[in-house]
């Protein structure tokens, strides 16, 4: 009986670890995608593309694009 509890506990720990790894992988992927969209927006701003077009191309919020624009102006 103790052996079965040890196996169950070990399985639960492994499942928790795998879940954490998957969540971390997903978070990293989403952060990478967002950074890619920001880079595209910066490049479009440098090409003087209007903000409405950048919003349509990247799906970024107008506030975020304006913040990127201010960074580029500094």
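The values are calculated or read from the model by the stated rules, or taken from the named source; none is laboratory data. Just so we're clear, the structure is a prediction, and the values are computed from it rather than from any experiment. Positions of Cβ are generated from backbone atoms using ideal geometry, with glycine treated the same way; all protein chains shown enter the neighbour counts.
Considering each residue of the stretch 27-49, count those that are surrounded by 10 or more Cβ atoms within 10 Å (Cβ to Cβ) and either outside any helix (DSSP H, G or I) or at pLDDT below 95 (or both), and give that number.
Here the count works out to 1.
For the stretch 42-63, name all the residues that are touching a residue at least 12 places away in the same chain (Cβ under 8 Å) and either out of contact with any helix residue (DSSP H, G or I) (no Cβ under 6 Å at 6 or more places or on another chain) or farther than 24 Å from residue 30 by Cβ (or both).
46, 57, 59
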